[in-house]
Amino acid sequence: MSMIHITLPDGNVNEYASGITCAEVITDALGKKHGCLAATVDGVQRDLSHSIESSCSIDGIPSDSEHGMHILRHSAAHLLAQAVMALYPGALPTIGPAIDRGFYYDFAMEPIAHDALKAIEKKMQELARKNFTVERVELDQDSLKDHFSHNPYKLEIINDKLEAGDGSTIYKQGEWYDLCLGPHVPNTSRLMFVKLTSVSSAYWRGDQEREQLVRIYGIVEPTKEALKATLQRMEEAKKRDHRKLGKDLQLFHIDEEVGQGLILWTPRGAVIRQELQDFIAHHLRRQGYSQVFTPHIGKLDLYRTSGHFPYYQDSQYPPLVERDLMKKLADEGCTCGELSNLMKSGEIDGYMLKPMNCPHHIKIYASQARSYRQLPLRLAEFGTVYRWEQSGEISGMTRVRGFTQDDAHLFVTEDQLADEVLGCIELVQIIFEKLGMHDYRVRVGLRDPDSSKYVGEPERWAKAEDACRKAAQSLGVPWTEEEGEAAFYGPKIDFVVRDVIGREWQLGTVQVDYNLPERFDLTYKGSDGELHRPVMIHRAPFGSMERFCGVLIEHFAGRFPTWLTPTQCHILTISEKHKAYAETVAQHLRERGVRVEVDDGDDTIGKKIRTHRQLQPAYMVILGDGEMEQHTVSLRSRSGDQIADLPLASFINDLMEEIDNKVSQPSLVPPENT
Ligand SMILES: [Zn+2]
Ligand SMILES: [Zn+2]
């Protein structure tokens with residue numbers, strides 16, 4: 001027996017007899033309770049049962065690591081297929097990958113109802129308890145095909161793999177086996193904590209022309225506690241889903257007849273957007289930005305200069321061509337393909353719905369000769385842009401086809417770059433702070449040092465990258481730098497917010513740009529009397545108003561701070577007698593700019609409270625005899641706490657203070673248990 005040398009996770013090297021398994025080495029290194037599902041051998045993932053024939057280095061893959069979870073999820077997909085086959089012997093398994101938060105498996109079978117998942121889940125747990133060993137079996141091509149001769153889907157995969165020169169293996173657990181490269185968990189008892197979440201349909205290989213399959217989704221966790229926590233998080237995420245809350249709270253509407261991915265801001269949602277825009281605009285003025293307005297379209301030539309056309313035309317709405325020209329081309333028998341080519345080559349012109357605001361802002365910069373004394377020039381616009389997202393990608397407010405960016409372009413000298421990047425970042429910090437978004441991180445995208453795709457001189461890049469790093473550092477939040485993540489035209493800073501239930505949302509960007517000033521030949525006269533090239537900064541730190549509002553709806557679970565709440569006070573009367581007083585209170589509030597709704601109808605006060613609670617006003621103002629006689633109000637908070645007999649004048653003053661200071665949550669009703 002020959003001896004081999006294995007480098008252990010702690011860096012020590014031990015001598016073993018060849019043929020030892022990964023499991024044995026890891027147990028030796030980490031102890032019996034190592035919690036690993038598989039191993040890496042010289043960086044390649046292997047089953048724990050894999051035997052080692054030559055010297056190498058080994059590491060364990062714990063179940064709570066990213067790779068570990070992937071293996072756990074994929075193994076649970078196998079278990080799901082085994083359970084489905086036990087209950088539906090006619091079904092044919094096709095593919096079953098691990099995905100971001102769980103796993104799925106697609107079956108060729110008659111559609112099943114959601115109710116059927118319970119029994120399948122029970123079967124999975126039963127099979128898991130049997131603790132089958134999950135065994136890797138290497139087969140030659142013919143016996144591989146023999147094993148799946150009854151399943152045309154698997155045969156199709158096998159033939160593709162063999163054609164591509166790749167081999168394959170099967171994994172067995174009990175009598176059941178699947179085509180797979182592994183690795184997998186060592187036995188099915190690791191898969192006890194599963195939950196099937198939904199069933200839907202999918203096409204074989206994602207192709208609408210092919211067979212329709214049944215797709216079953218599930219999640220799996222290494223422990224009972226982890227599964228419970230994940231289910232709770234999913235439940236919470238469902239409650240916070242901005243698509244659902246957007247409807248319940250009447251914030252926005254999407255209408256098929258208007259178009260997919262095009263948001264209609266209803267009056268209540270528009271209030272939130274306007275408040276946010278006013279808030280951002282206030283800080284932009286403070287920071288010396290100038291507001292501009294530009295149209296929604298621009299000529300194709302503009303985008304030929306900027307480089308957005310024709311290169312990005314797949315992600316844009318098709319161009320608009322003048323009516324007369326269109327007719328002439330049609331009369332000449334021009335085909336769509338020819339038309340497209342004529343547009344690409346620039347022989348005919350047209351207009352485009354703008355995919356970004358930069359070219360328009362650049363033309364404002366270039367509309368007069370600029371001197372260094374005018375720089376930095378900061379042009380800001382809540383500019384609406386249009387992108388052609390694939391229909392499968394569109395979702396609520398967060399993936400849309402038309403959106404309004406909190407956009408600005410800064411034209412600066414090389415020396416001003418660092419300060420201006422810092423200024424962009426400060427604004428983000430102020431706004432996150434006010435919205436109670438304390439958990440966020442920053443990613444700085446730098447050049448890939450081995451690539452030559454970047455425009456602009458290396459020294460200028462080094463300076464700009466340094467400015468981005470320093471700006472990120474100044475925030476005092478976690479930040480990382482990532483090589484190769486810069487655009488070809490400059491380094492950038494991205495903001496990623498983590499919400500209360502741990503999900504991350506990428507918001508907007510601050511982006512340095514050496515390219516567009518070049519393409520549009522922008523200049524300014526320096527103090528030396530010579531012409532110089534300015535640097536541009538694109539910044540839309542919240543991405544778009546649509547996306548940002550979508551994230552905020554989920555962040556606040558629809559319970560906005562008073563200043564952002566669409567209707568801040570709902571005034572409810574106890575009886576008919578209080579109608580006039582309700583109108584007086586409403587009038588006082590409206591005069592101070594408070595958004596008020598009055599319900600002086602015939603319903604009982606209990607019924608009114610239940611109805612109005614659904615819209616989550618900051619306060620319900622309840623008026624009865626006592627309030628009317630004393631000229632006071634009683635308040636009810638969202639959580640049901642109450643406070644009685646506040647003098648009207650002091651209530652209004654306190655409310656105004658809360659709104660003006662943008663206090664993070666309604667605070668005028670103390671919680672009852674304190
Ligand atoms: Zn597999
Ligand atoms: Zn831009």
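The values are calculated or read from the model by the stated rules, or taken from the named source; none is laboratory data. Since we're looking at a predicted model, the values are computed, not measured. Counting neighbours? That spans all protein chains shown, and the Cβs are built from the backbone with ideal geometry, glycine included. What goes into the accessible areas is simple: the full protein's heavy atoms, side chains included, and nothing from ligands, DNA or RNA. Shrake-Rupley method; radii C 1.70, N 1.55, O 1.52, S 1.80 Å.
For the reader, a short list of remarks on this structure follows.
- Taking every alpha-carbon pair under 8 Å whose residues sit at least 6 apart, the chain reaches a relative contact order of 9 percent.
- In a reduced charge model with +1 at each Lys and Arg Cβ and -1 at each Asp and Glu Cβ, the stretch 428-529 shows a dipole moment near 320 debye about its Cα centre.
- Calculated FRET efficiency for the pair E414/D301, C-beta based, R₀ 30 Å, to 0.05: 0.55
- Acute angle (nearest 10 degrees) that the helix 648-660 long axis makes with the longest principal axis of the chain, alpha-carbon atoms: 50
- Where both bridge residues fall in the chain, DSSP classifies roughly 85% of the beta bridges as antiparallel.
- Classified by the C-alpha gyration tensor, the stretch 459-602 has a prolate form. Its axis ratio a/c, with a ≥ b ≥ c, is 1.5 or above, and a/b is larger than b/c.
- Taking a ≥ b ≥ c as the square roots of the eigenvalues of the Cα gyration tensor, the chain is oblate, since a/c reaches 1.5 or more and a/b is not larger than b/c.
- Averaged per residue, the stretch 418-522 has 44 square angstrom of accessible surface, using a 1.4 angstrom probe with ligands and nucleic acids left out.
- Modelled spin labels at K363 and V500, positioned 7 Å past Cα toward Cβ, are 4.6 nm from each other.
- Each DSSP beta bridge with both residues in the stretch 543-644 is either parallel or antiparallel, and the antiparallel ones are about 35%.
- In loop segments of the stretch 447-487 as defined by DSSP, the trypsin sites (Lys or Arg not before Pro) with at most 16 further C-beta atoms inside 10 Å of their C-beta are K453.
- Projected label distance in nm at D314 and R285, using a 7 Å step from Cα toward the beta-carbon: 4.5
- For the chain, with +1 on Lys and Arg beta carbons and -1 on Asp and Glu, the positive-most of Q313, H588, L531 along the dipole: H588
- These residues, V44, V220, V500, V137, go from largest to smallest accessible area, 1.4 Å probe, as V500, V44, V137, V220.
- In terms of the mean number of neighbouring beta-carbon atoms within 10 Å, the peptides 120-127, 534-541, 22-29 order highest first as 534-541, 22-29, 120-127.
- Fraction of accessible area attributable to carbon and sulfur, the chain (%, probe 1.4 Å): 49
- Relative to the longest principal axis of the Cα atoms of the chain, the long axis of helix 417-434 lies at roughly 90 degrees.
- Cα gyration tensor, the stretch 197-280 - rounded (a/c under 1.5), prolate or oblate: oblate
- In percent, rounded to a whole number, the relative contact order of the stretch 346-441 is 26, using alpha-carbon pairs under 8 Å and six or more apart.
- Electrostatic dipole magnitude of the stretch 614-673 [Cβ: Lys, Arg +1; Asp, Glu -1; Cα centre; debye, to 20]: 280
- Long pairs among K118/K608; K32/K154; K118/K247, criterion Cα-Cα beyond 32 Å: K118/K608; K32/K154
- Solvent-accessible area per residue in the stretch 531-674 equals 42 Å², computed with a 1.4 angstrom probe and all protein chains kept.
- With a Förster radius of 41 Å applied to the beta-carbon distance between D146 and E126, the computed FRET efficiency rounds to 0.90.
- Rolling a 1.4 Å probe across all protein chains gives S391 an accessible area of roughly 70 Å².
- Length gained when the stretch S371-H253 is fully extended (0.36 nm per residue, less Cα-Cα span): 37.8 nm
- With respect to the chain, whose longest principal axis is taken over its alpha-carbon atoms, helix 152-163 is tilted by about 80°.
- Between the stretch 76-113 and the stretch 182-257, the C-alpha centres lie 14 angstrom from each other.
- The stretch 514-582 and the stretch 438-497 have Cα centres lying 24 Å from one another.
- Stretchable slack from K32 to D241, in nm (0.36 nm times residue separation minus alpha-carbon distance): 71.0 nm
- When only Cα pairs below 8 angstrom with a gap of at least 6 residues are kept, the stretch 1-141 shows a relative contact order of 17 percent.
- Loop GluC sites (Glu not before Pro), the stretch 219-317, which have at most 14 other Cβ atoms in a 10 Å radius of their Cβ (DSSP): E256, E257
- The modelled label-to-label distance for the pair T335/A649, using points 7 Å beyond Cα in the direction of Cβ, is 8.2 nm.
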